[in-house]
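Comments concern the structure below.
The values are calculated or read from the model by the stated rules, or taken from the named source; none is laboratory data. Quick caveat: nothing in here was measured; it's all calculated off a predicted structure. Note: ideal-geometry Cβ built from the backbone for every residue, glycine included; neighbour counts use all protein chains shown. Protein only, heavy atoms only, side chains kept; ligands, DNA and RNA dropped before computing areas. Shrake-Rupley method; radii C 1.70, N 1.55, O 1.52, S 1.80 Å.
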Amino acid sequence: MAATCATVYSFFVKTIRAELDQDMVHAARPMLADLSSDPHKDNLSELNLQEQMLLVVDPAGHLLNKSRNVDSGTVERIGRFPKTPSLTFRTLEGPTGRVRAAMIPFESNHQALWFVIAQPTAEIEFSEWRFRDTLFGIWVLSLLLTAVIAAWYVGNTLRPITDLTRRAAVLTESMADPMQTEPLGSLPVTNPNDEVGQLASTFNLLFNRMDAVFRQLRQFVSDASHELRTPLSVLRGETHYLIEQERSPQEYQGTLRIIESELAALTGIVEGLFTLSMADAGQLRLSLEPLNLDEVLDEACGIAAPGARSKKIRIERLRWDEVPFAGDQALLRQLFLILLENAIKYSAPGTAIRVEIQIFEGRPRVRVCDQGIGIAPEHLPHIFERFYRAAPDPNEESRSGGLGLAIAKAIIHAHHATIECMSKVGTGSSFTLWFPSESTASSAERIHTMV
Ligand code: ADP
């Protein structure tokens, strides 16, 4: 704005000065016509002009003719005339103020002469001063106006953001509140297409995710403590029973067996939690090695066999292909065991568990099917969640703490495999594992070569 004002002002000054110069040249024209015939003919000394001073000077600077209002020092103030005769303008400092002079060359009787017409600049200086003051006033006023408009506009623009920040702070506080059980509200999205609306939508997404994580975490801690509480209270009860009074060797043995089994359950839960926390942190280190999946599955079936036998459950091997694979043997064995033990746990005596392994459509596929109690459709989407139980554990002794399938999922994920579960209540369940084809023979070979 300052630059614009300065430009306008300098343009104005230039224009009115140019106009003054033009006016003087204009006024000089008729007089010059007379003077050209005789420089003394038109006796300028008779003229007593208020505005303009007129002089006729020869190139040496001798005053030949002048109007009455020209004082003696004017010729000195004009100074030297240009060597080449051309129209020249000068601003002179006079005794009564500044004077603008136009020096016009002309010829009279073949003699080169100068006609000087001069005019005080007081009037145009006054106009300039007034214009400058008005411009300055406009500048200050527009600055104030701009400041007021900007403050109003910025305030208006930022109001939704201030509102958003306030509401976001409220949401953040209620999210961290452990007593908060109600679903978290969301920030209002007035216009989903503008920046503030997009910011609010992104915040809502973030809040919802964080809320879900907080809830999961709270649920996890409460489930974990619940799972740990049962074996711990059994342990306390049994040890109290032992130290209460002297017991017979048989009683000691029986109670110690219970303590051992509870300790095993506790260890299982703690180890399971550790495996899951490693998987969550992305630190479930796989010691990949070339192996045969069918051999690992066979080994798992062998480990599960005594448990199946004690429940009079048959483990039937259907298709049994040789499947070379690159994976972590211990974790894969644990994965197969989880599926087999669940199948045994949730099946009635006298039933059969069918296990098969084959390369199907180019990918290794492992299937464990049982004829057990099955899983209701509303539970199916949740069975891989931590501590989720679709049905009460029918066999307290083999309690795995509801972590089995969650651990299985982590192992599956680490091997880039997938799992599908199909189940019908009262008929049985079938778990199908799909392993990546890339990790079959070629990867196994590559790892073998690297080893
Ligand atoms: P749990 O220790 O309870 O077996 P899991 O994570 O292994 O924990 O399984 C989660 C839930 O899924 C089980 O509580 C059970 O209800 C259901 N489930 C898993 N496998 C089977 C199966 N083969 N037959 C019926 N229900 C099953």
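With Met450, Met422 as the choices, which residue is open to solvent by 30 Å² or more (accessible area, probe 1.4 Å), at pLDDT 95 or above and more than 7 Å from the ligand (Cβ to nearest atom)?
Answer to the check: Met422.
Among Leu205, Leu228, which is open to solvent by less than 70 Å² (accessible area, probe 1.4 Å) and closer than 30 Å to His382 by Cβ?
Answer to the check: Leu228.
Please note which strands (runs of 3 or more DSSP E) are completely contained in the range 84-124 and include at least 1 residues that are among the charged types (D, E, K, R) and either open to solvent by less than 30 Å² (accessible area, probe 1.4 Å) or in contact with a Phe, Trp or Tyr (Cβ under 9 Å, 6 or more places away or on another chain) (or both).
It comes to 97-108.
State all residues of the range 233-270 that are surrounded by fewer than 16 Cβ atoms within 10 Å (Cβ to Cβ) and within 17 Å of Phe387 (Cα to Cα); if no residue qualifies, say none.
Thr267, Val270
When only residues in the range 425-447 that are open to solvent by less than 30 Å² (accessible area, probe 1.4 Å) and modelled with pLDDT of 90 or more count, which is farthest from the ligand (Cβ to nearest atom)?
Within the range 425-447, the match that is farthest from the ligand (Cβ to nearest atom) is Pro436.
Considering only residues that are under 42 Å from the mean Cα position of the chain (by Cα) and of a type in the set (Ser, Thr, Tyr), which ones fall in the range 263-294?
Thr275, Ser277, Ser287
What are the residues in the range 136-186 that are open to solvent by less than 70 Å² (accessible area, probe 1.4 Å), among the aliphatic types (A, V, I, L, M), more than 14 Å from Phe207 (Cβ to Cβ) and at pLDDT below 85, if any?
If the condition is that a residue be open to solvent by less than 70 Å² (accessible area, probe 1.4 Å), among the aliphatic types (A, V, I, L, M), more than 14 Å from Phe207 (Cβ to Cβ) and at pLDDT below 85, then Ile161 is the only one that fits.
Can we say Arg257 is under 30 Å from Glu341 (Cα atoms) and at pLDDT 90 or above?
Spelling it out, Arg257 is indeed under 30 Å from Glu341 (Cα atoms) and at pLDDT 90 or above.
Does the range 238-248 contain any residue that is among the hydroxyl-bearing types (Ser, Thr, Tyr) and outside any helix (DSSP H, G or I)?
yes
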